[in-house]
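Presented below is the structure to which this report refers.
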Amino acid sequence: MKHLLATHALRYVKGGMVIGLGSGTTAREFIKALAALRHLDLTLVATSADSEVVAYEVGLGDRLRPMWAVDKIDLAVDGADEVTRGKLMLKGRGGALLREKVVDYAAEKFVVLVERHKVVDFIPARNPVPVEVLPWAWRHVARQIEKKFGGSTALRTGEGKLGPVVTDNGNYIVDWRPEGPIDERVEDELKQIPGVLETGIFSKRKDAVVLVADEKGTVEE
Ligand code: 5RP
C-alpha cells in the first residue's frame, strides 16, 4: 500500500520543483519512487537524517539542500500516524516532527500518504501526542502539560537502548496521552509552554491533499 501511495504521489512532481521529503516508512517509499524521476531538475529538502540517507541510497543525494538554502518548498510529501476527515493530523511517531512541520507548513502543496486504518474520527485515536522538548527541561515541561491539559506523559525511550530518544535536533520527545480527543487549538496552546519546541499535532494544513490507500489497491483523495 505504501508503494502504491508513493507511486500516486509522483503525479504531483514537476521539473524545477523544490520538494520536501517527509519521514517514516511511507515517505521512504516516496523517496525511492522519486528516483525514477531523476532526469528532472529537482531540489530536495529532507526532514530527517533517515530520509537524507534514503535519498543518497537511491542516487538523489546530489539534489539535497538544507532548508536554509532554499527560498520555497513547492511540494511536500509526507506520511502521518492519524488523520481525521477534517484533516486534523497526528504525526511524529518516528520522531521527526519538528523538521516535518517546518517543511510541511512551508510547502505550497502538501500531499499526505496514509493507509485506510490511519483515518480516524478524532485524534489521538491510538497514538500518544508527541511533543519535542528541550532536554534540560523535559521533566518540568511534562508536568506542565499534565497540569494544563490533564492526561499522562512519558519520556520517549529507545527500543532496546538505554536512555531517551534523541531527535535529529538534539532534543527529547515527551509522549502525551490526553484523557480524550483534542481539538486543533491544542496545537498552539501546547506551544505556549516554555520548553515545548514542537508538537505532532498538524492542524493548519486543511488544504492538504490526503491520499488514502486500502488493501484492495485503491487510492482515493
Ligand atoms: C515521523 C512521522 C511519520 O510521517 C509518521 O510517523 C508516519 O510514519 P509511517 O509512514 O512509517 O507510518 O511523522 O516522525
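The values are calculated or read from the model by the stated rules, or taken from the named source; none is laboratory data. All values reported here derive from a predicted model rather than from experimental measurement. In this analysis, Cβ positions are derived from the backbone assuming ideal geometry, glycine residues included, and neighbour counts consider all displayed protein chains.
Which of the residues that make up the range 59-91 are surrounded by 17 or more Cβ atoms within 10 Å (Cβ to Cβ), more than 23 Å from Ala33 (Cβ to Cβ) and either over 14 Å from the mean Cα position of the chain (by Cα) or of a type outside the set (Lys, Arg) (or both)?
Glu82, Thr84, Leu88, Leu90
Among the residues of the range 38-58, write down those that are part of a helix (DSSP H, G or I) and crowded, with 16+ Cβ neighbours inside 10 Å.
Asp50, Ser51, Glu52, Val54, Ala55
Please determine, by comparing only the residues of the range 1-40 that are among the basic types (Lys, Arg) and more than 27 Å from Leu98 (Cβ to Cβ), which one is nearest to the ligand (Cβ to nearest atom).
Arg11
In the set Glu57, Glu52, which member is charged (D, E, K, R), more than 16 Å from the ligand (Cβ to nearest atom) and over 21 Å from Asp214 (Cα atoms)?
Being charged (D, E, K, R), more than 16 Å from the ligand (Cβ to nearest atom) and over 21 Å from Asp214 (Cα atoms) holds for just one of Glu57, Glu52, which is Glu57.
Restricting attention to the range 137-177, and to residues there that are in contact (Cβ under 8 Å) with a residue 12 or more places away in the chain and of a type in the set (Gly, Ala, Ser), which single residue is surrounded by the most Cβ atoms within 10 Å (Cβ to Cβ)?
Ala142
Give the number of residues within the range 3-37 that are part of a strand (DSSP E or B) and either at pLDDT below 95 or over 11 Å from Arg63 (Cα atoms) (or both).
2
List pairs: first residue in the range 59-88 and closer than 17 Å to Ala49 by Cβ, second residue assigned to a loop (DSSP other than H, G, I, E, B) anywhere in the structure, Cβ distance under 7 angstrom, at least six positions apart or on different chains.
Going by the 7 Å Cβ cut-off, the qualifying pairs are Leu60/Arg38; Arg63/Leu42; Asp78/Gly22; Gly79/Gly22; Gly79/Gly24.
What is the number of the single condition among (1) in contact (Cβ under 8 Å) with a residue 60 or more places away in the chain; (2) out of contact with any strand residue (DSSP E or B) (no Cβ under 8 Å at 6 or more places or on another chain); (3) more than 10 Å from the ligand (Cβ to nearest atom) that Gly94 does not meet?
For Gly94, the exception is condition (3).
Ala137 - would you say it is of a type in the set (Gly, Ala, Ser) and either within 13 Å of the ligand (Cβ to nearest atom) or in a strand (DSSP E or B) (or both)?
On the way: of a type in the set (Gly, Ala, Ser): yes; either within 13 Å of the ligand (Cβ to nearest atom) or in a strand (DSSP E or B) (or both): no.
In short, no.
Would you confirm, using the coordinates I've provided, whether Arg185 is surrounded by fewer than 18 Cβ atoms within 10 Å (Cβ to Cβ) and either under 27 Å from Leu113 (Cβ atoms) or modelled with pLDDT of 95 or more (or both)? Lay out the reasoning, then the answer.
Values: surrounded by fewer than 18 Cβ atoms within 10 Å (Cβ to Cβ): yes; either under 27 Å from Leu113 (Cβ atoms) or modelled with pLDDT of 95 or more (or both): yes.
Here the answer is yes, as Arg185 does meet what is asked.
In this structure, is Thr43 over 17 Å from the mean Cα position of the chain (by Cα) and within 16 Å of the ligand (Cβ to nearest atom)? Break it down stepwise before answering.
On the way: over 17 Å from the mean Cα position of the chain (by Cα): yes; within 16 Å of the ligand (Cβ to nearest atom): no.
No, not satisfied.
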